[in-house]
Amino acid sequence: MVHSHLNRNISRVFVGRQQELAEFSAALDDAMSGQGRLAMLAGEPGIGKTRTAQELAMMAEGRGTQVHWGRCYEELGTPPYWAWVQTMRSYIEQASTEQLAADMGPGASYIAEIVPEIRGKLQELTTPPSLEPEQARFRLFYSITTFLKNAAHRQPLMLVLDDLHWADQSSLLLLEFVAREIETSRILLVGAYRDVEVSRRHPLSQTLGALVREKLFYRVQLQGLTQQEVTEFVQGNVGITLTPEAAGVMHERTDGNPFFISELTRKVPSENIYNRRPGVGQHHSQRCSRWHRWATYPKPSRLLRTAIPVISFLG
Ligand SMILES: Nc1ncnc2c1ncn2[C@@H]1O[C@H](COP(=O)(O)OP(=O)(O)OP(=O)(O)O)[C@@H](O)[C@H]1O
Ligand SMILES: [Mg+2]
């Protein structure tokens, strides 16, 4: 379900993105009418891929679509297919035993190899025969695709795979396989990734290259918010009306990146950022994770360079 993803790191208002949401809305309509779609959201860190996907998920749920969410992780040791496993767990949590048995059919025992929770609900499952690795993979992919199609037959289905730039090779192969099979299903696949982390030799590049010519594929490149949207963002989140000059500086220095803007507005005007080292006064783990995130961003010093002129406008 999408709800658990709605509380995480979310600013109060959602601004802009009308064009992108309109495109998604059309893709959702197509998917709901039985023309499966694959939508990719690309952009730099903090530009709003996850948040935009959350808005889309709410839109989809509002129209009667079931939404299941999975995220890829950077950490070594993350099991293969992890994002897919999360989407399937989310489905399993809310499905009755009968529904699960009907939607998974004979493929359940293959899927249970990567989602053991299935055995908790379908206790009669046999152990699948041992196969050559390639055959086993085909069986698994086929079983998952059949399951998703069946689930979507019951109720339109949207799956979100976030942070695909960290996806393992197996997850990407599964994505290719599923995408090629859903053209006549009520399925909307949404992927999000940091394009700046995807070089030509990145495995995701190969997946995108393989899918880009498919009819069901489209990609949305998220750009920075406009100056007007920056003003709305600040107004909505901290209740400050920026002067056009301050909005102009903030827009220029942050390139309209919502993460940078929200970091900045968090510090204005209650914290005097000139005299503080970054993160002082915060809980240690919070500080580490925040600065770990900053470290992965292209211009880590942006916050300070931006805050000074903006604060001077705010007085
Ligand atoms: N259009 C928007 N309106 C309001 N807030 C937004 C908008 N887009 C993003 N945000 C907020 O900006 C922050 C960063 O957005 P988000 O986490 O979606 O970025 P991201 O592109 O997914 O970044 P990452 O690559 O690190 O995953 C979040 O707090 C989010 O709620
Ligand atoms: Mg994200």
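The values are calculated or read from the model by the stated rules, or taken from the named source; none is laboratory data. In this text the structure is predicted, and so the values were computed from the model without any measurement. All Cβ positions, glycine included, derive from the backbone under ideal geometry; neighbour counts span all protein chains shown.
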Based on this model, can you work out whether Gly43 counts as modelled with pLDDT under 95 and on the phi > 0 side of the Ramachandran plot? no
State which residue is farthest from ligand 2 (Cβ to nearest atom) when the search covers only the stretch 142-167 and only residues that are buried (at least 19 other Cβ atoms within 10 Å of the Cβ) and among the aromatic types (Phe, Trp, Tyr). Phe147
Residues of the stretch 198-222 being closer than 26 Å to Thr265 by Cβ and surrounded by 16 or more Cβ atoms within 10 Å (Cβ to Cβ), which ones? Val220, Leu222
Looking at (1) under 22 Å from Gly105 (Cβ atoms); (2) more than 24 Å from the chain's Cα centre (by Cα), which one does Pro133 not meet, given that it meets all the others? (1)
Which is over 19 Å from Met32 (Cβ atoms), in the same structural domain as Ala26 (by TED's automatic domain parsing), at pLDDT 95 or above and not in a loop (DSSP other than H, G, I, E, B), of Ala192, Ala152, Ala210? Ala192
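Yes or no, residue by residue, for (1) crowded, with 19+ Cβ neighbours inside 10 Å; (2) touching a helix residue (DSSP H, G or I) at 6+ places or on another chain (Cβ under 7 Å):
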| site | (1), (2) |
| --- | --- |
| Tyr81 | yes, yes |
| Arg89 | no, yes |
| Ile111 | yes, yes |
| Val115 | yes, yes |
| Ile118 | yes, yes |
| Thr126 | no, yes |
| Pro129 | no, no |
| Ala136 | no, no |
Can you name every residue in the stretch 40-78 that is within 15 Å of ligand 2 (Cβ to nearest atom) and assigned to a strand (DSSP E or B)? Met40, Leu41, Ala42, Gly43, Trp69, Gly70, Arg71
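Could you please find all residues in the stretch 179-197 being farther than 18 Å from Asp30 by Cβ, buried (at least 17 other Cβ atoms within 10 Å of the Cβ) and not aromatic (Phe, Trp, Tyr)?
Scanning the stretch 179-197 gives Ala192, Arg194, Asp195.
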Say whether the condition of being out of contact with any Cys (no Cβ under 8 Å at 6 or more places or on another chain), farther than 30 Å from Thr184 by Cβ, at pLDDT 85 or above and not assigned by TED's automatic domain parsing to the domain that holds Ala22 is met by at least one residue in the stretch 261-272. yes
Note: among Ala112, Ala108, Ala101, just one is hydrophobic (A, V, I, L, M, F, W, C) and touching a residue at least 24 places away in the same chain (Cβ under 8 Å), namely Ala108
Scan the stretch 9-39 residue by residue and report those that are within 16 Å of ligand 2 (Cβ to nearest atom) and either charged (D, E, K, R) or in the same structural domain as Val238 (by TED's automatic domain parsing) (or both). Arg17, Glu20
